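> What follows is a single structure, and I will ask about it in a moment.
Any read-out appearing in this document is the output of simple, stated calculations on the displayed coordinates, not a laboratory observation. It should be emphasised that the depicted structure is a prediction, and the values quoted were computed from it without experimental measurement. All Cβ positions, even for glycine, are placed from backbone atoms using ideal geometry, and neighbour counts span all protein chains on display.
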Amino acid sequence: MNISLVRHPTDDDWMLVKQCTLVTVGLKSMRPPDYEWKKKMLRARHSPIRELRFVFLLEDVPYWVAMHLVRHHIGCQPYVRTQRNDRQLDYDRRKAPQDAPIDMMWSINAEALMTIANKRLCEQAAQETHDVVEEMCALVAKTNPEFGPFLVPMCEYHNGICHEFNPCGKYSN
């Protein structure tokens, strides 16, 4: 598997988020947001963060892992290599193994990325899916470090409280 970050939020994108935020309270600002303001916006998960977009290229991901990821459809747009027999000759779609490698581009807004991290970094997630999301989060933390504290399992995000049906036991409730 190979995972790369094709697009991530820029200073201009963050300025748009700040403008969207301030217009709701009748204010304007020409100053770009600082690191602390960005972290406050991400912590609050207010709707303007949906303007921040990430695009990942996932190559040679097992088909079944891609299917775990595309289930996150709110705030995400997957572009997954087809398995249609008339569009590819690698294998018969009707007999394709679940681990057949596929490529996908995945466009995700900031709120959705945090939600995906909360769910797929959980110890209950399939290890292979966990590994893909963990790599995605590491790439984001390098380019946009303000996201780091929020790209964690749900139990960690909720200070040790697990809301899963069958908790893994990482924290005692």
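> Contact list please: Cβ distance under 6 Å, first residue in region 101-125 and under 16 Å from Pro167 (Cβ atoms), second residue assigned to a loop (DSSP other than H, G, I, E, B) and among the acidic types (Asp, Glu), pairs at least six apart or on different chains.
Gln124/Glu164
> If you take the residues in region 8-56 that are in contact (Cβ under 8 Å) with a residue 24 or more places away in the chain, among the aromatic types (Phe, Trp, Tyr) and assigned to a helix (DSSP H, G or I), which one is surrounded by the most Cβ atoms within 10 Å (Cβ to Cβ)?
Trp14
> Only residues in region 133-148 that are of a type in the set (Val, Ile, Thr) count as the first member; pair them with residues that are outside any helix (DSSP H, G or I), Cβ under 7 angstrom, at least 6 apart or cross-chain, and list the lot.
Pairs found: Val133/Leu121; Val140/Leu5; Val140/His8; Val140/Phe54; Val140/Leu151; Thr143/Leu5; Thr143/His8.
> Mind checking which residues of region 57-84 are farther than 30 Å from Val23 by Cα and in a strand (DSSP E or B)?
Residues satisfying the conditions are Leu57, Leu58, Glu59, Asp60, Val61, Pro62, Pro78, Tyr79, Val80.
> Can you give me the number of residues within region 120-144 that are touching a strand residue (DSSP E or B) at 6+ places or on another chain (Cβ under 7 Å), closer than 27 Å to Trp37 by Cα and of a type in the set (Asp, Glu)?
1
> On to the next question. Take Gln77 and tell me if it is surrounded by 13 or more Cβ atoms within 10 Å (Cβ to Cβ), in contact (Cβ under 8 Å) with a residue 12 or more places away in the chain and polar (S, T, N, Q).
So Gln77 fits the description; yes.
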